[in-house]
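Just so it is clear, none of the values below were taken in a lab; they were calculated from the coordinates. This one's a predicted model, so the numbers in the text were calculated from it and none came from an experiment. Heads up, the Cβs are rebuilt from the backbone with ideal geometry, glycines too, and the neighbour counts pull from every protein chain shown.
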Amino acid sequence: MIKRTLLGAALLSCTFFSVQAEEVTLKAVSAFNTDTFFTDRFKVFVDKVNEDGKGLVQIQFMGGPEAIPTFEVGNAVRAGVVDLANSSAVFHANLVPEALAMTLTDRSIQELRANGGHALMDKLHQDKANMLWLARITDGLQYHIYTNKPINQASDLKKMKLRSVPTYLAFFQALGASALQVPPGEVYTALERGVVDGYGWPSVGVLDLGWQEKTKYRVDPGFYNVEVSLFMNKNSWNKLDDAQKAFLQEKIEWVESLNQEDLQRAEQEKARQAEAGVETITLSDEAGQELRAIAYQAGWDGIAKTSPTHAAELKALFGDDAP
């Protein structure tokens, strides 16, 4: 009887470790088109995980907006339709309004991990959207206003029709502009038909989408800190064993270290925009400071309205370092 018990225990032990060691495949999507800058680094991450994680963790990349529409990615991660997403919190601000603070900070992801900012934002994502803020894979890039009408100061943007997303919706409204939500895939046509006079977009990625063909000006200075991140379904994360979690944490640290390349890429992209015919409007110091002041005041005021409980703590951790 004792021998049978020991044999049974041994078999159970073997079964347990075989389950623990079983390779897991995570289904993933990108909120951005697959051939653009904001998916490029995700592809690098996926390739690295798949190369180093054989027998442990693999990622099956399902595609971009053609797989799941951009503004539905947050819900897809929340519900576990996919395990992992390359996206931006601006696309699921309806689930986690506080996430807009991720673009209002000039602090690096490493600083936010050290001061508790990442931990707070991650907890808010877990509690409100059943997802983890796994990694930030852009850092230091700015947004710009691109327009087909010349401007000299913030007031010139009043009543302009500008394509917007939740990130800078409050800012555009504070300028007196008409803010329209248009998916990235429809912006080219909106510019062509005059549905919008311009749009907000980062310093990189315009040429990837072909928008330079319908864009006359980029306004400097820029504003905010472009946030593209990896978000993971909480249940999917909890199903991983310790070795799989440790492996992903290692790859997260690695991919976040690549963010230092972003500023160089931004300067290269601006040069390419100029070659493509997009002129730079550089506002005077006074006008530039006014524009940025309106942007950051509107951003933090918006968070204070949507999340009065957490607004002060978020501002303390993420910092209001601009203009």
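Could you work out the per residue convex hull volume over the alpha carbons of region 45-101, in cubic angstrom? Show your work: numbers first, answer last.
Working: hull volume 5.4 nm³, N = 57.
Taking the convex hull of the Cα positions in region 45-101, it is 95 Å³ per residue.
Candidate cross-link partners of K43 among the lysines, defined by an alpha-carbon separation under 17 Å and a same-chain spacing of 8 or more, comprise K27, K54, K251.
Annotation for V24 and V195: the two label points, set 7 Å from Cα along the Cα-Cβ direction, are 4.0 nm apart.
Considered as an equivalent ellipsoid built on the Cα gyration tensor, region 224-323 has semi-axes of 34, 25, 11 Å, the largest given first.
Report, in order of residue number, the helices in the chain meeting two criteria: a C-alpha extent of 30 Å or more along the helix axis, and a mean Kyte-Doolittle hydropathy of at least -1.0; treat each whole DSSP H run as one helix.
Values: long enough: 285-306 (32 Å, -0.53).
Span-like helices, by this rule, are 285-306.
With r as the distance between the Cβ atoms of K158 and E66 and R0 = 56 Å, compute the FRET efficiency 1/(1 + (r/R0)^6) and round to 0.05.
On the way: r = 37 Å, r/R0 = 0.66.
Efficiency at R0 = 56 Å is approximately 0.90.
With R₀ fixed at 51 Å, the C-beta to C-beta distance from A246 to K216 puts the FRET efficiency at about 0.50.
Would you mind checking K216/K270; K245/K315; K128/K245 for any pair whose Cα atoms are more than 19 angstrom apart? Before the final figure, lay out each step's value.
Working: K216/K270 13 Å; K245/K315 30 Å; K128/K245 22 Å.
In this structure, K245/K315; K128/K245 lie more than 19 Å apart at Cα.
Between A79 and A119, the simple label model (points 7 Å from Cα in the Cβ direction) yields a spacing of 3.4 nm. Fully extending the segment from S257 to K43, taken as 0.36 nm per residue of separation minus the present Cα-Cα distance, adds 75.5 nm.
Dividing the convex hull volume of the Cα atoms of the chain by its residue count, what figure in Å³ per residue is obtained? Write down the numbers at each step before the final one.
Values: hull volume 43.6 nm³, N = 323.
Dividing the Cα hull volume of the chain by its residue count gives 135 Å³.
The antiparallel fraction among DSSP beta bridges confined to the chain stands at about 50%.
The modelled label-to-label distance for the pair K305/E186, using points 7 Å beyond Cα in the direction of Cβ, is 2.4 nm. On the basis of the beta-carbon distance and an R0 of 30 Å, Q289 and A312 show a calculated FRET efficiency of 0.75. Taken over region 60-194, the percentage of Cα pairs per 5 Å bin, counting from 0 up to the bin with the maximum distance, is 2, 9, 16, 18, 18, 16, 11, 7, 2, 0.
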